[in-house]
Structures are given as structure tokens and as C-alpha cells.
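> A single structure is presented below for examination.
The values are calculated or read from the model by the stated rules, or taken from the named source; none is laboratory data. Given the structure is predicted, the values throughout are model-derived calculations rather than measurements. Cβ atoms come from the backbone with ideal geometry, glycine included; neighbour counts cover every protein chain shown. Accessible surface is based on the protein model in full, side chains and every heavy atom, while ligands, DNA and RNA are left aside. Shrake-Rupley method; radii C 1.70, N 1.55, O 1.52, S 1.80 Å.
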There are 2 protein chains.
Amino acid sequence: MTDAINSILKKNSLSITPSRLAILQLFHQSSGALTHAVIEQKTGDQFDRVTIYRTLQVFVEKGLIHTIPSPDNAILYALCKEDCTKGHHHDNHIHFICDKCNTTYCLDHITTPNIALPKGFKNKQTDVLMKGLCAHCNQ
Amino acid sequence: MTDAINSILKKNSLSITPSRLAILQLFHQSSGALTHAVIEQKTGDQFDRVTIYRTLQVFVEKGLIHTIPSPDNAILYALCKEDCTKGHHHDNHIHFICDKCNTTYCLDHITTPNIALPKGFKNKQTDVLMKGLCAHCNQ
DNA sequence: AATATAATGCAACTATGTTGCAAAATATTT
DNA sequence: AAATATTTTGCAACATAGTTGCATTATATT
């Protein structure tokens, strides 16, 4: 596991540091998206807040994770699929937030719909955010 | 104009105060969505930050405005259509943010698409956020 | 092992948003 | 129209989210 994480960092020409290993591993272990606060907590407060922010920034730049616009007021981060590269995200899937357990899922296999815009408008990116109950909580 | 705003407040059994009049009027004059910071600035800093926050909260509760999840980290507020009432928003339209002028449009006549979710998932609300160039900037 | 490069932690700062409470303004009653 | 009851406001204080500069430390390179 750690080796796999290691080689991901190498592949993206990122130096290997404890914080990057821990945070990237955390993403690979989690099913949903993570906020800065959750990452801080789940890494046991062993890293400085600023370090976590900067690690997340670097990961976004390298195309390892992407941000999700959230109704709460904190940026959500989630793992990108493998075809995302530096400066070129394939972020055309929809996101689902469970009202009960608050998990945010990337539904990678469901692509965003094409929506016709009024005259003159040019679309560049579409974000779909669905809310409701996830499969676990809907029972 | 002020009379119309006045009667909207009365209709929603809200007492008439300078801040409510000014903020509601500002929404009716604006084409797009507004953030707290913009409202504070456009009302000439004559109202306390807290007053603006509370006014926005009340307007949301009464169904006069709705919030829009934003990629930036600040809540966007926009006027509701007339069929929105207290506790019952009809917020099923899509939103468009212009990359250039940063205006957020409510495209009221474009309804959110129906998207099939994986087994077990139950949808309650769908937010669509499109980004690109608006009709004004796309020239 | 020595050097160059990059990342970290700390302090300080900005922005956003919330809560409690006394003072002031609005609405209601007489 | 004045007095009372009810809301709303502004202030202070606080909480959370996020950024920047800089010296120290760790990683990578030679």
C-alpha cells in the first residue's frame, strides 16, 4: 500500500514526505470526499494546518485530487480518476452528498448531462451536486 | 419601487426596516446572485455585518431568496421566483457563473435534469452549476 | 558526505460566519 | 397619539476557513 502511494508521488515528481504519504493514503482509504478539517483530524493532528492546505493545493495542481463545490462552507477534495493529469482534469462526473451520514460520493460512471444554454452563453464546465440518501443510509 | 419592496415585506409579515428595504431592493435591481461581501459594499457599509447576515437568513426562511453552492468559498444568494414560499423552495433551475465578469445567473427556465442514480440512492435535491462565458462576455 | 532544492512549522493576518446581550427601532395596543 | 410589547440592530467576542512570509528542517541531487 505505502509502496503504491510512494510511486504515485514519484510519478508526479513530488518529493516524498510524511504528510504527503499520509494524506494521499487517507484519500485512497476513504470512499468519499474529505474536507481540510477531516484530514487534520484523521491524521491525528500530527501535521500543521498550513502543511495540509499546501499539500492539498499541490495535489490539485498535479491532478491527483479535485475540488467539489459544497453547500457547506468548506472545500471538499476527492481523488481523481487516473486519466486526470496536471492542469487537465476530467471532472465530468456528478457528486452526491448524503443528508444523513454526510458522505460525499464521486459517482464516476455517471457523466454530467449536456444542457442547452441561452443564446450567447458558452459552457466550459458543469458541476452536478445531488443530495439525498446514500445506499447505506436509505434503509 | 420602494412601495413594491415594502409590500413584499408586509406580505411576508416582516417588519419594515432600512436594512431589509435596502437589501431586498438591491436584489431586485441586480441581474445575478450576490454574496454577503458584495451586499455590504453595495449598501455603502451603512449596515452592520451581522445585520446583513441575519437579514439574509430571514429572507431565505421566508422564501424570498435562495442560496447557491459556490466554488468560491462564500454563500451566493439570489432572488426566488414568486412561487417560492416559506419552507418550500422551488429551486430546480440551473445556475451559471461567468468566468470573466463573475456574475452568477439563475437560469430559471432551464430545469435541472433527471439523473439516474446507483441502486439504493435516493435523490432529494439536484444543483447544477455551469461555468463559462455569459452572453455579455462571450464576444 | 556536501550541496542545492524543496517542504515544513510558526506567527500573523484576512475573510467568512455565528452567538449573546443591551440599546434602539418597529409594531401593537389602549 | 402615547405607552407597551415585540423585533431588530449594533457591538463585542468568538469560531472556522484559508493565505502569506520567513526561518528551520527535511528531502533530493551531485
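> Answer rounded, prolate or oblate for region B:2-132, using the Cα gyration tensor with square roots of eigenvalues a ≥ b ≥ c: rounded when a/c is under 1.5, else prolate when a/b is larger than b/c, else oblate.
In terms of gyration-tensor shape, prolate.
> Given A:VAL60, B:GLY132, B:THR111, which one lies farthest toward the positive end of the charge dipole of the protein assembly as shown, if we put +1 on the Cβ of every Lys and Arg and -1 on the Cβ of every Asp and Glu?
B:THR111
> Please compute, for peptide B:109-118, the average count of beta-carbon atoms on other protein chains lying within 10 Å of each residue's beta-carbon.
4
> Taking only DSSP H segments of four or more residues, each worth -39500 (n - 2.57), what value at 222 nm results for chain B once the sum is divided by all its residues, to the nearest 500 deg cm²/dmol?
Calculated at 222 nm, the ellipticity per residue is -9000 deg cm²/dmol.
> Something else about it: For B:130-136, what's the mean count of beta carbons from other chains sitting within 10 Å of each residue's beta carbon?
Mean partner-chain Cβ count within 10 Å for B:130-136: 6.
> Just to confirm, what accessible area per residue do you get for region A:2-132 at 1.4 Å probe, in whole Å²?
That works out to 53 Å² per residue.
> Taking a cut-off of 20 Å between Cα atoms, list the lysines near A:LYS122, but don't count ones fewer than 8 places away on the same chain.
Leaving aside lysines fewer than 8 places away in the same chain, those within reach of A:LYS122 are B:LYS100, B:LYS131.
> Moving to a separate point now. Choose one answer from A:PRO71, A:PRO118, A:PRO18: the residue with the largest mean-square fluctuation in a GNM of chain A with alpha-carbon springs under 10 Å.
Checking each option, the largest mean-square fluctuation is seen for A:PRO118.
> Using a Cα-Cα cut-off of under 16 Å, which lysines could be cross-linked to A:LYS81, ignoring same-chain neighbours fewer than 8 residues away?
A:LYS11, A:LYS62
> Another question, if that's okay. Which residue, chosen from A:HIS36, A:CYS80, B:THR35, occupies the Cα position most advanced towards the positive end of the dipole of the protein assembly as shown, where the dipole is computed from +1 (Lys, Arg) and -1 (Asp, Glu) charges on Cβ about the Cα centre?
Toward the positive end, the furthest listed residue is A:CYS80.
> By the scheme Lys and Arg +1, Asp and Glu -1, what is the net charge of all other residues having a beta-carbon under 15 Å from that of B:ARG54?
Spelling it out: positives minus negatives among the neighbours equals 0.
> Rounded to the nearest 20 debye, what is the charge dipole size of the protein assembly as shown about its Cα centre when +1 sits on each Lys and Arg Cβ and -1 on each Asp and Glu Cβ?
Details: 28 positive and 24 negative charges, 38 e Å.
For this selection, approximately 180 debye.
> Please state the charge dipole magnitude for chain A, taken about the Cα centre, from unit charges on C-beta atoms (+1 on K and R, -1 on D and E), reported in debye and rounded to the nearest 20.
Its charge dipole is roughly 360 debye.
> Now, a different point. Give the average, rounded to an integer, of partner chain Cβ atoms located within 10 angstrom of each Cβ in A:64-72. Write down the numbers at each step before the final one.
Details: counts 0, 0, 0, 1, 2, 10, 4, 7, 2.
The per-residue average across the peptide is 3.
> Then there is this: I want to verify a result. In a Gaussian network model of chain B, Cα cutoff 10 Å, which of these has the top mean-square fluctuation: B:ASN123, B:ASN102, B:ASN12?
It is B:ASN123.
> Same structure again: Placing one identical point scatterer on every Cα of the protein assembly as shown and ignoring solvent, what is log10 I(q)/I(0) from the Debye formula at q = 0.17 Å⁻¹?
-1.37
> Let me ask something additional. For region B:2-132, which whole-number percentage of the solvent-accessible area (1.4 Å probe, protein heavy atoms only) is attributable to carbon and sulfur atoms? Write down the numbers at each step before the final one.
On the way: 3270 of 6930 Å².
Taking all protein chains in place, region B:2-132 shows 47 percent carbon and sulfur surface.
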